[in-house]
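> For reference, the structure I am asking about is given below.
The values are calculated or read from the model by the stated rules, or taken from the named source; none is laboratory data. Keep in mind that what you see is a predicted model, and the values were worked out from it rather than measured. Every residue, glycine among them, receives a Cβ derived from its backbone with ideal geometry; neighbour counts consider all protein chains shown. Side chains included, ligands, DNA and RNA excluded: accessible areas come from the protein's heavy atoms. Shrake-Rupley method; radii C 1.70, N 1.55, O 1.52, S 1.80 Å.
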Amino acid sequence: MTAVMTESAQSSPQSPRRSTRRLPLALRVLRSPRLARVLFLPAVLIFWLISNKLIADSWGFDSSVLATPIEVWDFMYAEVTGDTVAPANLYQTFGISLRRLGLGFVISMTVGTTLGIGMGLSKAVNAFFHDWVMALLAMPALAWALFLSLILGFGDKGPVWAVVLAGIPFVIVNVREGVRSTPRDLFDMSTAFGVSPLKRIRHVLLPSLFPFLFAAARYALSIGWKGLVIIELFGGQDGAGWTFKFWYDAHRLHGVIGYSMFFVIFALVLENVVLEPISRRVFKWRPSLNQPDIVEEDMDVVKYPALADESLSDRDTIIQEKN
Amino acid sequence: MRVTEEELVKAARRKDLTVRWVSRILGYIVVLGTWEWASGRVLEENLLPGPTRVVQTAIELFNKGKIFSAFEATLTRIVLGVAVAFLVGAALGILTQNRWFAGFFKDAITIGLTSPGLIWVLITALVFGNRWYGPLSAIVLTTFALVTVNVAEGIGTLPKDTIDMAKAFKVGVVRRNRHIVIPHLAPFLFTGFRFSFSIGWKVTVLTEIFTASSGIGFEMRIAQILFRQDEVLTWILLFFVFALFFEKVVLQAIENRFFRWRKEIAST
């Protein structure tokens with residue numbers, strides 16, 4: 001403390017930044033943004049407890065209807081250790097949902113890539129599908145949930161279809177963009193040398209398409225997951241979305257909040273532990289393409305100044321993650 | 001007869017345009033045709049009503065006066081929700097000018113950006129029940145961060161020179177904000193608004209499914225429970241078309257008009 005004081009006393013107070021150094025340590029710590037960030041969590045907990053009390057008092061019902069942070073923590077701990085009142089424990093429900101997500105993901109990638117390549121290569125094919133793909137892109141997951149649950153009933157088919165329908169427009173649009181950004185020269189040259197169309201697709205198109213395919217996979221997974229949860233909620237008999245609704249129907253707020261946290265944690269893990277390292281590994285050989293510049297005339301994305309320097313993928317994800 | 005290069009280019013372009021329009025119209029015919037054909041053949045008509053049936057149902061609902069009242073209820077909720085979200089989000093964005101508050105709210109904004117609306121819808125439904133501020137808070141919690149991010153971004157690019165000059169000339173805080181900060185932020189505010197609307201309408205419909213006795217979401221849910229697929233489809237499509245129209249045509253037009261004086265923004 002004294003060392004800091006003498007040091008700052010010796011230094012000439014020319015820049016405004018230096019002058020703050022003269023503040024006593026306690027005050028400096030109090031003012032630091034890092035402390036503020038740490039303080040956020042206790043502030044939320046206190047706010048939570050106070051508003052619990054206020055709500056219970058003002059409406060005059062038993063406050064046990066509301067959940068306390070400790071209850072939520074206990075619930076999450078019990079779920080993680082596999083101890084649950086619900087028909088299936090956390091791992092089983094997420095397992096069921098992940099299987100559906102995987103199946104839907106594979107279908108949407110295969111069909112979407114085929115359609116996307118077609119749309120990128122031929123203007124006629126593009127014009128044929130364009131408006132419908134754009135409409136699909138803006139369709140809320142809720143619409144599919146209600147529609148498909150009536151047609152397909154409770155089972156695996158509805159959720160898988162929902163994943164496909166939610167993810168496929170993003171795959172198509174990205175792949176199409178990838179095809180359009182393939183180096184024209186290489187294509188022309190291979191045509192001039194009489195390379196067969198199949199070989200051309202394999203050796204010219206696919207390598208340059210790869211970053212776009214990866215971005216498409218990312219979308220298909222994260223948006224498909226959101227669609228999956230919603231359809232399981234309305235037309236399912238098991239899976240993560242259904243279990244979420246199970247706690248809602250049982251009117252157990254701690255269960256609903258706990259499951260919400262699992263969803264958020266799952267999304268974070270999927271993004272940071274699974275997708276991010278894979279993308280870093282896969283694109284190590286071409287660092288400039290680590291973040292492909294995906295441009296799309298997306299009906300659902302508003303062009304807006306903020307985040308303009310970030311890749312468009314973040315924007316879409318933000319928009320789409322909400323429904 | 002000699003053909004100039006210009007004519008060749010023109011002819012090629014014309015051909016290109018016809019190909020594009022023909023395939024586009026063909027696309028509509030094939031998709032709508034398949035849909036109409038599949039209804040009653042591939043799936044029962046009750047499960048997959050065709051486009052003509054949907055149009056009929058829409059007219060029926062309109063004659064019953066249901067459409068107007070449902071739209072009214074939903075739109076009121078959207079306007080209220082987005083307005084509050086906008087105020088909260090903008091206030092937070094202004095607060096984060098301060099480094100301390102920026103640190104404090106950092107995680108709140110990250111959570112607000114990443115958590116899906118469904119979570120908030122169910123939590124607020126349990127806490128607030130059918131009270132009107134339940135859905136409202138769900139909409140606010142889902143969309144406020146988008147406004148905050150935009151406002152904060154706008155603040156990050158504030159013209160520092162002008163502000164420094166204002167400070168040097170001892171212009172008051174209120175006037176400084178009124179004449180420098182707000183005009184600079186206007187485009188960011190506007191896009192923040194559009195952005196929160198595009199998410200807001202989806203969340204609103206979702207809240208209505210759980211905690212409302214009026215509105216489009218409520219009608220959709222009732223139709224689903226009663227197994228009226230044609231009504232489900234009609235509500236979905238009506239609102240989908242409306243929201244897209246509002247977002248892409250109305251808001252875009254307003255924005256273009258509003259920022260005509262700043263060409264670099266109006267052009268986007």
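> Taking the stretch A:87-125 as the search range and keeping residues that are in a helix (DSSP H, G or I), within 14 Å of chain B (Cβ to nearest Cβ) and open to solvent by 30 Å² or more (accessible area, probe 1.4 Å), which one is nearest to A:ASP156 (Cα to Cα)?
Filtering first and then ranking leaves A:LEU115.
> Out of (1) open to solvent by less than 50 Å² (accessible area, probe 1.4 Å); (2) at pLDDT 90 or above, what's the single condition that is false for B:VAL88?
Only one criterion is unmet by B:VAL88, namely (1).
> Then there is this: Across the stretch B:158-202, what is the total count of residues that are touching a residue at least 24 places away in the same chain (Cβ under 8 Å) and open to solvent by 50 Å² or more (accessible area, probe 1.4 Å)?
1
> If you take just the helices (runs of 4 or more DSSP H) that sit entirely in the stretch B:86-171, which of them hold at least 2 residues that are within 9 Å of chain A (Cβ to nearest Cβ), within 18 Å of B:GLY192 (Cβ to Cβ) and not hydroxyl-bearing (Ser, Thr, Tyr)? Break it down into steps so the answer makes sense when it comes.
On the way: elements: B:99-114, B:117-128, B:133-156, B:160-168.
In the stretch B:86-171, the matching helices (runs of 4 or more DSSP H) lie at B:99-114, B:133-156.
> Now a separate question. Among A:PHE263, A:PHE283, A:PHE246, A:PHE210, which is more than 14 Å from every other protein chain (Cβ to nearest Cβ) and in contact with a Pro (Cβ under 8 Å, 6 or more places away or on another chain)? So that I can check it myself, show each step before the final result.
Details: A:PHE263 fails: more than 14 Å from every other protein chain (Cβ to nearest Cβ); A:PHE246 fails: more than 14 Å from every other protein chain (Cβ to nearest Cβ); A:PHE210 fails: in contact with a Pro (Cβ under 8 Å, 6 or more places away or on another chain).
Answer to the selection: A:PHE283.
> Within the stretch A:226-273, work out how many residues are assigned to a helix (DSSP H, G or I) and within 22 Å of A:THR68 (Cα to Cα). If you could, list the steps in order and put the result at the bottom.
Step one: filter the stretch A:226-273 for residues assigned to a helix (DSSP H, G or I), giving A:226-235, A:240-249, A:253-273.
From the residues that got through so far, the ones that are within 22 Å of A:THR68 (Cα to Cα) too are A:243-249, A:253-265.
Summing the residues that are assigned to a helix (DSSP H, G or I) and within 22 Å of A:THR68 (Cα to Cα) in the stretch A:226-273 gives 20.
> Sticking with this structure for a sec: Given B:THR76, B:THR57, which one is among the polar types (S, T, N, Q) and open to solvent by 70 Å² or more (accessible area, probe 1.4 Å)?
Values: B:THR57 fails: open to solvent by 70 Å² or more (accessible area, probe 1.4 Å).
So the residue among B:THR76, B:THR57 that is among the polar types (S, T, N, Q) and open to solvent by 70 Å² or more (accessible area, probe 1.4 Å) is B:THR76.
> While we're on this one: If you scan the stretch A:180-205, which residues turn out to be part of a helix (DSSP H, G or I), open to solvent by less than 60 Å² (accessible area, probe 1.4 Å) and of a type outside the set (Phe, Trp, Tyr)?
So in the stretch A:180-205, the residues part of a helix (DSSP H, G or I) come out as A:180, A:184-192, A:197-205.
Subset that is open to solvent by less than 60 Å² (accessible area, probe 1.4 Å): A:187, A:190, A:200-201, A:204-205.
Across the stretch A:180-205, the qualifying residues are A:SER190, A:ARG200, A:ILE201, A:VAL204, A:LEU205.
Okay, residues lined up against (1) within 20 Å of A:ALA124 (Cα to Cα); (2) modelled with pLDDT under 90; (3) assigned by TED's automatic domain parsing to the domain that holds A:ILE223:
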{"residue": "A:SER149", "(1), (2), (3)": "no, yes, yes"}
{"residue": "A:PHE154", "(1), (2), (3)": "no, yes, yes"}
{"residue": "A:ALA162", "(1), (2), (3)": "no, no, yes"}
{"residue": "A:VAL173", "(1), (2), (3)": "yes, no, yes"}
{"residue": "A:GLU177", "(1), (2), (3)": "yes, yes, yes"}
{"residue": "A:ALA192", "(1), (2), (3)": "no, yes, yes"}
{"residue": "A:VAL204", "(1), (2), (3)": "no, yes, yes"}
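> Out of B:ASN63, B:ASN46, I need the residue that is open to solvent by 90 Å² or more (accessible area, probe 1.4 Å), closer than 18 Å to B:GLU231 by Cα and within 14 Å of chain A (Cβ to nearest Cβ). Which one? Walk me through it before giving the result.
On the way: B:ASN63 fails: within 14 Å of chain A (Cβ to nearest Cβ).
Among B:ASN63, B:ASN46, only B:ASN46 is open to solvent by 90 Å² or more (accessible area, probe 1.4 Å), closer than 18 Å to B:GLU231 by Cα and within 14 Å of chain A (Cβ to nearest Cβ).
> Further question on the same structure: Return the residue satisfying two criteria in turn: it lies in the stretch A:132-175 and is touching a Phe, Trp or Tyr at 6+ places or on another chain (Cβ under 8 Å) and not in a helix (DSSP H, G or I), and of such residues it is nearest to the other protein chains (Cβ to nearest Cβ).
The residue in question is A:PRO140.
> Taking the condition under 30 Å from A:LEU268 (Cα atoms) and open to solvent by 40 Å² or more (accessible area, probe 1.4 Å), does B:ILE155 pass?
Working: under 30 Å from A:LEU268 (Cα atoms): yes; open to solvent by 40 Å² or more (accessible area, probe 1.4 Å): no.
No, not satisfied.
> Here are some conditions: (1) closer than 30 Å to B:ARG221 by Cβ; (2) in contact (Cβ under 8 Å) with a residue 12 or more places away in the chain; (3) touching a Leu at 6+ places or on another chain (Cβ under 6 Å). A:GLY178 meets all but one. Which one does it not meet?
Only one criterion is unmet by A:GLY178, namely (1).
> Could we say that B:SER137 is assigned by TED's automatic domain parsing to the domain that holds B:THR191, within 26 Å of the chain's Cα centre (by Cα), surrounded by fewer than 16 Cβ atoms within 10 Å (Cβ to Cβ) and among the polar types (S, T, N, Q) here? First the steps, then the outcome.
Working: assigned by TED's automatic domain parsing to the domain that holds B:THR191: yes; within 26 Å of the chain's Cα centre (by Cα): yes; surrounded by fewer than 16 Cβ atoms within 10 Å (Cβ to Cβ): no; among the polar types (S, T, N, Q): yes.
It is false that B:SER137 is assigned by TED's automatic domain parsing to the domain that holds B:THR191, within 26 Å of the chain's Cα centre (by Cα), surrounded by fewer than 16 Cβ atoms within 10 Å (Cβ to Cβ) and among the polar types (S, T, N, Q).
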